[in-house]
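Notes for the one structure printed next.
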Amino acid sequence: MNFDDTPQEAAFRTEARAWIAANAPKQYEAELSKSSLGRISLAKDDIVDVGKAWQKQKAEGGWACLHWPKEYGGRGATPIEKVIWQQEEGVYGKLTQPFQIGEGMCGPTVMAFGSEEHKRHYLPKLASGEQIWCQLFSEPAGGSDVAGLRTRAEKQGDNWIVNGQKIWTSGAHYSDYGLLITRTDPNVPKHKGLTMFFLDMKSKGVEVRPIKQANGMQEFNEVYFTDVVIPDSQRLGNVGDGWNVSLTTLMNERMSIGARLATGFPEIFEFCSSLMTEDGPAIDDRATRSKLAGWAVKASGLKYTSYRAVSALSKGERPGPENSIGKLVAGVMLQDIASYAMDLQGAAGALTGAAEELATGQFQQMLLSAPSMRIAGGTDEILRNIIAERVLGLPGDIRVDKDVPFNKIPTKGR
Amino acid sequence: MNFDDTPQEAAFRAEAKAWIAANAPKQYEDELKKSSLGRTALKGANILEVAKAWQKKKADAGWACLHWPREYGGRGATPIERVIWQQEEGAFGKLSGMFIIGHGMCGPTMMAFAGEAEKKRYLPPLASGEKVWCQLFSEPAGGSDVAGLRTRAEKNGDDWIVNGQKIWTSGAHYSDYGILLTRTDPNVAKHRGLTMFFLDMKSPGVEIKPIKQANGASDFNEVYFTDVKIPDSQRLGAVNDGWNVSLTTLMNERMSIGAGVSTGFPELFEFCNSLMLDDGPAIEDRNVRSKLASWAVKASGLKYTSMRAISALSKGERPGPENSIGKLVAGSMIQDVAAYALDLQGAAGVLAGAEDAEATGKFQAMLLRAPGTRVEGGTDEIMRNIIAERVLGLPGDIRVDKDVPFNKIPTKGRG
Amino acid sequence: MNFDFSDEQKQMRDEARKFLAEKCPPKAVRAVLDGHASYDKELWKGLAEMGFLGVAIPEEFGGAGAGHLELCVIAEEMGRALAPVPFSSTVYLAAEAILLAGSAAQKKKWLPAIASGEAIGTLALFEGKGNPSPDGIKLAASGGSLNGVKKPVPDGAIADFAVVTGRTGSTGRDGDISLFLVDLKAGGVEAKALTSLDPSRGQAELTFRNCKAEPLGAAGEGWSILTQVLDRAAVLMAFEQVGGADRALEMGRDYALDRIAFGRPIGSFQAVKHMLADMYVSATLARSNCYYGAWALSTNASELPEAAAAARISATQAFQHCAKNNIQVHGGMGFTWEFDCHMYYRRANATALGLGSLSYWEDALIDRMRKKNAA
């Protein structure tokens, strides 16, 4: 057991490090390293613009979408090289946020189901960040139950006409293309009547409306479709096979190993190390230490769990299921940490103004943003189901809607 | 809002207090006070005998099973009088442990479903503790899913012949009678083929084997039935109506208001008050205080919740559903409390002997007994279902075995 | 024993609930949350007309002379409705301090004004980060004049007067602290509104510059009076928190019954129903602790310090737990601005801090239990 790179890995790391040192936008380093959940933005510049510039630069240097084939804009790198890159990229990785859905979900789906022509046309620009992609799966009536979606696509000649509504679409407002799952047959059970497409987000009839979140920010959108025309050539996979296509997308989402997961621990540790209470430094207080220790081992447990997955990758093995615990652990933890950081500040903990020290304001934002961590990309409850079913092999929930035609499934509880 | 007795209540309390002062077995008071979960025993005396003597004395003077009618050995007291009695009986109440099932579950079921002759014959000795009763519901194949039980009763002339096995029967080894739930028709859906009986535990064919528990003690038993004969006159309720009869039993179990659930908090608080750590008394440590405070408010929350229920009783109202939270809260709490008390003892926390361990090993015993509390009489999960469904009105679980004949329900999870 | 509110008190609760349902729907809370007003003036007037502001103020000072049990009942309803008015600062803090320590003249001047809704009051205690402690009070008070900065002061930007803690000695003992009554409209104080987690309730910074102040209670008695005020306010705030917790639980329950996923109401999944059952458990424990606090408050029992801390801790935990899991039950919709869940989440976390944080009250509870145990 060791943490050393193999000679090849070491060579790759040296090369990556040198390139980053020479090319990264250093002027944002300090700001990026201080950003935390609910508070990722740059004071003077638009973070999406800065992100696009960095992504383009990486693409030109051959450092974008490392594990993709070269002909689609990648580098043909190994999975472990991708992890090494992420380690070296460090805080600049926070700039890649607008591209994550495209790179992690849309790109792999197009790669698996798009025509060769489409792949050559769309993927390189996706990789270089010139074009941003979003994913249009969730709907008001289909959150955890993705297959419960109701957006209709109806065939008309060589085209499909789409009507309906999507929700929780990250970055729809700055996206160029989207991956869209629709219902093409409501008379069969819900998983069997779905079809996947990709579309130009500037198509006629697409309307993007930002959602104001509980924390006051707007990162997600509702997207309305009114008689939107999509050519059949933009269909991904067979008609009625959209559910299987979407599993490719979602599988890729959950495979993102080594992706940094905010737990709030480094922030609370730093805060407690510097905070003076009336009885001395907070970090000297036993109650504080007990809480910190509980979180410290969760944070390190997650970190080393991801190291184990990285090791498997390094040996060319498929990582085990351990990595699926990440978001489940981190979500609750962020919420608890934020709450405790405020507790330590007493009544002043409720203040959020810019005039308050940055160190304190960040926990208020974290507290307000944390609930979404426990919901977005799979609720805590769905993640526990996944662990219980796919990792531990327990039976699935009883599905009362399994063999019921979609249009016969109840839509109201009472 | 006040904690005062009404004049009637005050009079009753004074009478009870005086009688207890004059009659209770004072020599055991200290020991009983110190006993805690996983550790209720007396040195130099058999607790069962002491308990039987106390119960008999209470019965002779009219203080047993207070809320039962007089003709069945009770006092015809009001629910609130029963609560007052419990408050006054205090630590001596721990002696009633062996009668709780008889008084709380078997007696009420007999009262609701037995013939008048049976009631007159069996209830007074049950009330006086001369006869101890147990409850034979749980089976290896039917724990939380009580109605999944498989013990068969088959009609043979005027008798029923019983074959099968029960498990988790408290006190079966010292019980004289038991109420027994059996399957009389396996061809109908599981709730519809059950029948209830009571039987003499000394009947031929009844075999009792103690279960050695995870904590090393043996409070429960397996009971095996081999061609045990029960006269039809000992049937309670109609044939195949046993599920409804059992609901009466279980309802009575859960109605036991004012019964203090053990949380471990008083023990831990006392322990932390006297324990010295490296840098001073444990109770001055902020971390200790933070944990104690969280448990303190749970313990007081339970206490005042039960007082709210008592108040409702006192006004002649039906108590609300709040009281259903008791065991759920106390079960995991006592487990956490015990683990923390060991933590405070450092490596020595592992020692369990009364001579070596702090607080004479009380917390070690508590830790080992606590998992049982979260399972017996309804698991935490069943308790949460009950709260969610009966209190909050959420839908029941989807029952895949609901309309399936009992003998078609799968019996193995895999292959 | 009668460990319950009386029928009259329950009737008052129904009346308050009906009144608030009509005058304080979520829309009204949002108007303040969104910054369209610093508080709901119409509602404040209505509360005065209903007699709710002076419910525990004696009749001779313009109140209803009912009592603190009645005030607990109203507090719970205010919490349920998230009322965006300076009720807690005026009634639990300022009015209680004056009732406890005010001279006849001070009572006569301020209590009727509170009961009629003309005067908004508050307590200026904190000076930046930290929990209540005599050492934390630096604001200099000498010769009837105050100099220093208080923050956060609840409703400080809209208050007409404040009870202020000031330092009148430097012996390092509790006796260094005295209380003052300051007319905030009389000059010498500058108020600056601050942004907070819960914009439906105001927070401010008050800067005192040679500000004229009259003593409230005897010199050197400030800390002792303050401790009593905080205990009384803790019980009342705990009722607000329990009201909020109950409402959040109800919202989660209703959504779980209505929302369908996988062809069934989500409330039929154990993961969801057990989450709701656990919310019910914390809300019930908190309510029972609050009832005991109410009894201790209304009878001025010697158990009040312990009962208040227990009610405060239990209610803080319950409101935070219920508000947080109410969002979880609602899923993505619970995280939108449009749904009301976040208003309860914000209020839960803000009220958890206002009178001193959970850690502070935990420490206080065990300290008080220990002292009682030793005695």
(request) Would you mind finding the one in C:ILE260, C:ILE225 that is β-branched (Val, Ile, Thr) and more than 14 Å from chain A (Cβ to nearest Cβ)? (result) C:ILE225
(request) Could you check how many residues of segment A:287-320 are buried (at least 18 other Cβ atoms within 10 Å of the Cβ), out of contact with any Leu (no Cβ under 8 Å at 6 or more places or on another chain) and either of a type in the set (Asp, Glu) or within 14 Å of chain B (Cβ to nearest Cβ) (or both)? (result) 3
(request) State whether one or more residues within segment C:253-265 are over 30 Å from C:ARG30 (Cα atoms), at pLDDT 95 or above and surrounded by fewer than 23 Cβ atoms within 10 Å (Cβ to Cβ). (result) no
(request) Name the residue, out of A:ALA172, A:ALA141, A:ALA147, that is open to solvent by 10 Å² or more (accessible area, probe 1.4 Å) and of a type outside the set (D, E, K, R). (result) A:ALA141
(request) Collect the residues in segment B:313-346 that are more than 7 Å from chain C (Cβ to nearest Cβ), at negative phi and among the small types (Gly, Ala, Ser), keeping them in residue-number order. (result) B:GLY320, B:SER324, B:GLY326, B:ALA330, B:GLY331, B:SER332, B:ALA338, B:ALA339, B:ALA341
(message) If I filter segment A:177-207 down to residues being open to solvent by 50 Å² or more (accessible area, probe 1.4 Å) and not acidic (Asp, Glu), which single residue comes out as nearest to A:ASP401 (Cα to Cα)?
(response) A:HIS191
(request) Please state which one of B:MET383, B:MET366 is out of contact with any Cys (no Cβ under 6 Å at 6 or more places or on another chain), under 18 Å from B:GLU267 (Cβ atoms) and not β-branched (Val, Ile, Thr). (result) B:MET366
(message) Cβ-Cβ under 8 Å, sequence separation 6+ or interchain: first residue in segment B:300-323 and open to solvent by less than 30 Å² (accessible area, probe 1.4 Å), partner acidic (Asp, Glu). Which pairs?
(response) B:THR305/B:GLU322; B:ALA309/B:GLU322; B:SER311/C:ASP4; B:ALA312/C:ASP4
(message) Going by what's in this entry, would B:ARG384 be described as of a type in the set (Lys, Arg), open to solvent by less than 30 Å² (accessible area, probe 1.4 Å) and part of a helix (DSSP H, G or I)?
(response) no
(request) Quick one: A:GLN27 ticks every box in (1) over 30 Å from A:ASP336 (Cα atoms); (2) open to solvent by 60 Å² or more (accessible area, probe 1.4 Å); (3) within 24 Å of the chain's Cα centre (by Cα) except a single one, so which number is it? (result) (3)
(request) Name every residue in segment C:20-60 that is without any contact (Cβ under 8 Å) to a residue 12 or more places away in the chain and under 17 Å from the mean Cα position of the chain (by Cα), in order of residue number. (result) none
(message) Suppose we filter segment C:6-57 for residues that are modelled with pLDDT under 95 and among the aromatic types (Phe, Trp, Tyr); how many remain?
(response) 0
(request) Run B:ARG289 past the list (1) surrounded by fewer than 21 Cβ atoms within 10 Å (Cβ to Cβ); (2) within 8 Å of chain C (Cβ to nearest Cβ); (3) of a type outside the set (Gly, Ala, Ser); (4) under 18 Å from A:SER290 (Cβ atoms) and report the number of the one that doesn't hold. (result) (1)
(request) Among the candidates A:GLY353, A:GLY349, A:GLY377, single out the residue that is in a loop (DSSP other than H, G, I, E, B), within 11 Å of chain C (Cβ to nearest Cβ) and within 30 Å of A:LEU275 (Cα to Cα). (result) A:GLY353
(message) Criterion first (under 30 Å from C:SER89 (Cα atoms), within 11 Å of chain C (Cβ to nearest Cβ) and surrounded by 19 or more Cβ atoms within 10 Å (Cβ to Cβ)) does A:LEU383 satisfy it?
(response) no
(message) What's the number of the only condition in (1) surrounded by fewer than 23 Cβ atoms within 10 Å (Cβ to Cβ); (2) under 23 Å from B:THR360 (Cβ atoms) that B:GLU284 fails to meet?
(response) (2)
(request) For segment A:60-73, indicate whether the set of residues that are of a type in the set (Lys, Arg) and either in contact (Cβ under 8 Å) with a residue 12 or more places away in the chain or part of a loop (DSSP other than H, G, I, E, B) (or both) is non-empty. (result) no
(request) Kindly check whether there is at least one residue in segment C:132-155 that is touching a helix residue (DSSP H, G or I) at 6+ places or on another chain (Cβ under 6 Å), open to solvent by less than 20 Å² (accessible area, probe 1.4 Å) and more than 30 Å from C:TRP337 (Cβ to Cβ). (result) no
(message) part of a helix (DSSP H, G or I) and open to solvent by 30 Å² or more (accessible area, probe 1.4 Å): is that true of C:GLN328 in this structure?
(response) no
(request) Only residues that are within 14 Å of chain A (Cβ to nearest Cβ), more than 14 Å from C:GLU127 (Cβ to Cβ) and surrounded by fewer than 23 Cβ atoms within 10 Å (Cβ to Cβ): list them for segment C:175-197, please. (result) C:LYS192, C:ALA193, C:THR195
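Residue-by-condition table, conditions (1) without any contact (Cβ under 8 Å) to a residue 60 or more places away in the chain; (2) more than 21 Å from the chain's Cα centre (by Cα); (3) open to solvent by 20 Å² or more (accessible area, probe 1.4 Å):
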site	(1), (2), (3)
C:TRP223	no, no, yes
C:ASP231	no, no, no
C:VAL235	no, no, no
C:ALA245	no, no, no
C:ALA283	yes, no, no
C:TYR291	no, no, no
C:TRP295	no, no, yes
C:LEU304	no, no, no
C:ALA308	no, no, no
(request) Tell me, please, whether a residue that is out of contact with any Leu (no Cβ under 9 Å at 6 or more places or on another chain) and at the interface with another protein chain (Cβ under 7 Å from one of its Cβ atoms) can be found in segment C:303-318. (result) no
(request) For B:ALA18, indicate whether it is over 30 Å from B:ALA339 (Cα atoms) and in a helix (DSSP H, G or I). (result) yes
(message) Among the residues of segment C:198-207, are any open to solvent by less than 10 Å² (accessible area, probe 1.4 Å) and of a type in the set (Val, Ile, Thr)?
(response) no
(message) Looking at B:GLN335 and the list (1) under 24 Å from B:ASN287 (Cβ atoms); (2) open to solvent by less than 30 Å² (accessible area, probe 1.4 Å); (3) at pLDDT 90 or above, which single condition is not satisfied?
(response) (2)
(message) Tell me the residue from B:ASP4, B:ASP30 that is open to solvent by 80 Å² or more (accessible area, probe 1.4 Å), within 14 Å of chain C (Cβ to nearest Cβ), among the charged types (D, E, K, R) and within 22 Å of B:TRP85 (Cβ to Cβ), please.
(response) B:ASP4
(message) Quick check on segment B:63-75. Is at least one of its residues within 30 Å of B:LYS34 (Cβ to Cβ), open to solvent by less than 40 Å² (accessible area, probe 1.4 Å) and without any contact (Cβ under 8 Å) to a residue 60 or more places away in the chain?
(response) yes
(request) Examine segment A:5-16 for a residue that is over 19 Å from A:VAL310 (Cα atoms), surrounded by fewer than 16 Cβ atoms within 10 Å (Cβ to Cβ) and assigned by TED's automatic domain parsing to the domain that holds A:PHE99, and state whether such a residue exists. (result) yes
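The values are calculated or read from the model by the stated rules, or taken from the named source; none is laboratory data. Only a predicted model underlies this, so the values are computations on that prediction, with no experimental measurement involved. Backbone-built Cβ (ideal geometry, glycine too); neighbour counts: all protein chains shown. Side chains included, ligands, DNA and RNA excluded: accessible areas come from the protein's heavy atoms. Shrake-Rupley method; radii C 1.70, N 1.55, O 1.52, S 1.80 Å.
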